[in-house]
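Structure first, then comments.
The values are calculated or read from the model by the stated rules, or taken from the named source; none is laboratory data. Note that this is a predicted model, so its numbers are computed, not measured. Reconstructed Cβ throughout: ideal geometry from the backbone, glycine too, with neighbour counts over all protein chains shown.
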Amino acid sequence: MPRGRSATYDDQRELILAQAAQLFARRGYPATSMNQVAEACGLSKATLYHYYKDKSSLLISIAETHVSKLAALVAEEEASTHTDEQRLRRFIYRIVEEYAGAQDAHRVLTDDVRFLEEADRERVLDKEREVVAGFARAVSALRPGAPSDDLAKPLTMLLFGMINWMFTWMKPDGRLDHAAIAPIVADLFLGGIGAVKSPDAPAAMPRGPRESG
């Protein structure tokens, strides 16, 4: 009779992914070895191979797990009853929040997916395209001519440019954290520089009618 997985199996896999993502993000995927991943996890190389068969499987799991969370976030907000502006603001807040807790995984998704085999790479990129398409629909809904707005995707990519780059200059112990910066991004994108308010107090995520009170 085959042995079942231990209760800590999934926890161990998550720990391995987190350590591998950190190494890939800091050293680069090609420069990181399975030996280094095992050492960072406090495991033998043989034990590491019990959880992941090779370095490529680690990269696939990191990228797919991260992009799947982003896609689920988009699907959840699209199914909500928020107004168009509330929906886009919540998209921005939640994506910034997700990135803040997964900076290593996001850097891997951005920089290292190119090292995957074509079929694996396309599967991950298809999920990424779902995320971009969801944001583009939210952007288009706020513009005349929706939903056939030919500027929706370029505007969406400009928005992602702001979000993706903020973690290259934000300091972990700085005055602005993700909760403060998300509404600034939303105000700047939706209203221009004159609409940006000083983040004197932490801002709450925009709520819909059913969530107020």
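To keep it simple, each residue is scored yes or no on (1) at pLDDT 95 or above; (2) closer than 30 Å to residue 169 by Cβ.
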residue: 5; (1), (2): no, no
residue: 13; (1), (2): no, no
residue: 33; (1), (2): yes, no
residue: 75; (1), (2): yes, no
residue: 98; (1), (2): no, yes
residue: 102; (1), (2): no, yes
Inset, instruction - Of the conditions (1) in contact with a helix residue (DSSP H, G or I) (Cβ under 6 Å, 6 or more places away or on another chain); (2) within 19 Å of residue 10 (Cα to Cα); (3) surrounded by fewer than 19 Cβ atoms within 10 Å (Cβ to Cβ), residue 73 clears all except one; give me its number. - result: (2)
Inset, instruction - Name, by its number, the condition in (1) out of contact with any helix residue (DSSP H, G or I) (no Cβ under 6 Å at 6 or more places or on another chain); (2) surrounded by 16 or more Cβ atoms within 10 Å (Cβ to Cβ); (3) charged (D, E, K, R) that does not hold for residue 89. - result: (1)
Inset, instruction - Check every one of the helices (runs of 4 or more DSSP H) wholly within segment 10-127 and list those with 1 or more residues that are out of contact with any Leu (no Cβ under 7 Å at 6 or more places or on another chain), free of Cβ contacts under 8 Å to residues at least 12 places away in the same chain and within 30 Å of residue 186 (Cβ to Cβ). - result: 55-78
Inset, instruction - Would you be able to say whether some residue in segment 44-67 is over 19 Å from the mean Cα position of the chain (by Cα), surrounded by 13 or more Cβ atoms within 10 Å (Cβ to Cβ) and acidic (Asp, Glu)? - result: no
